[in-house]
Amino acid sequence: MNPQIAALIDRIGALEGELDAELAKRRAELRIGIEHGRVAFEEELLRRHRQLRARLLPYVFGAHPLIMLTSPIIYAGIVPFLLLDLFVTVFHAVCFPIYGIAKIKRADYFVFDRHHLAYLNALEKLNCAYCSYANGVIAYAREIAARTEQYWCPIKHARRVIGTHARYALFDDYGNGEGYQQRLEELRKGLIKAE
């Protein structure tokens, strides 16, 4: 790999680490803790959060009429998300062992913790669960697709791609025919390791 590209990837990783540290400091400022894998709030903070919660009926009936009319379209999206989840889960379970690709821990992509927020009413919590699931499915599917792409066709595109996955920077350069076969085996071996 090009040394400048490798250095940039390292810098991006370092910046992601710094961002994680800053987000952890912010959680500490908000007095949010995690005990035994569960979110924990101080009792006084919980009391204040409950006072901030919007009452359900005024929340629903106070919504803009177009929001009420379009909400069935949003909720209908659960069907394609469920189908995508089912397909990529089966694909992952069947194909990854055949290709020798390390399995992905599905639970790492699904985070449901907003229901602990006392300032959200029941509908807001449902909406948050829906968004968490939808984004989790997309992230899970993206990682499966990224590992599949790394196995079968780890070549960058000629044009700039918006929103590439984390593995893309490792791929072989477009047009590098001489090094492709060597890089292909190297990238495939990188998938075998437990990640």
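When Ala54, Ala63 are checked against the criterion of being in contact (Cβ under 8 Å) with a residue 24 or more places away in the chain and surrounded by 10 or more Cβ atoms within 10 Å (Cβ to Cβ), a single residue qualifies: Ala54.
Which count do you get for residues in region 31-48 that are surrounded by fewer than 11 Cβ atoms within 10 Å (Cβ to Cβ) and either assigned to a strand (DSSP E or B) or at pLDDT 75 or above (or both)?
Residues meeting the conditions: 5.
When Ala107, Ala134 are checked against the criterion of being within 30 Å of His49 (Cα to Cα) and either β-branched (Val, Ile, Thr) or in contact with a Phe, Trp or Tyr (Cβ under 6 Å, 6 or more places away or on another chain) (or both), a single residue qualifies: Ala134. Out of all the residues in region 67-86, is one or more part of a helix (DSSP H, G or I), surrounded by 10 or more Cβ atoms within 10 Å (Cβ to Cβ), modelled with pLDDT under 90 and at negative phi? Checking region 67-86: not a single residue is part of a helix (DSSP H, G or I), surrounded by 10 or more Cβ atoms within 10 Å (Cβ to Cβ), modelled with pLDDT under 90 and at negative phi. Residue check: is Tyr119 at pLDDT 90 or above, part of a helix (DSSP H, G or I) and touching a helix residue (DSSP H, G or I) at 6+ places or on another chain (Cβ under 8 Å)? For Tyr119, the condition - at pLDDT 90 or above, part of a helix (DSSP H, G or I) and touching a helix residue (DSSP H, G or I) at 6+ places or on another chain (Cβ under 8 Å) - is not met.
Sub-9 Å Cβ pairs linking a first residue in region 13-30 that is of a type outside the set (Lys, Arg) to a second residue that is exposed (fewer than 10 other Cβ atoms within 10 Å of the Cβ) and assigned to a helix (DSSP H, G or I), at least 6 apart or interchain, number zero. The single residue among Ile104, Ile162 that is at pLDDT 90 or above, among the hydrophobic types (A, V, I, L, M, F, W, C), in a loop (DSSP other than H, G, I, E, B) and under 15 Å from the mean Cα position of the chain (by Cα) turns out to be Ile104.
The values are calculated or read from the model by the stated rules, or taken from the named source; none is laboratory data. Nothing here was measured: the structure is a model prediction, and the numbers come from that model. Glycine also receives a Cβ, built like all others from the backbone with ideal geometry; neighbour counts cover every protein chain displayed.
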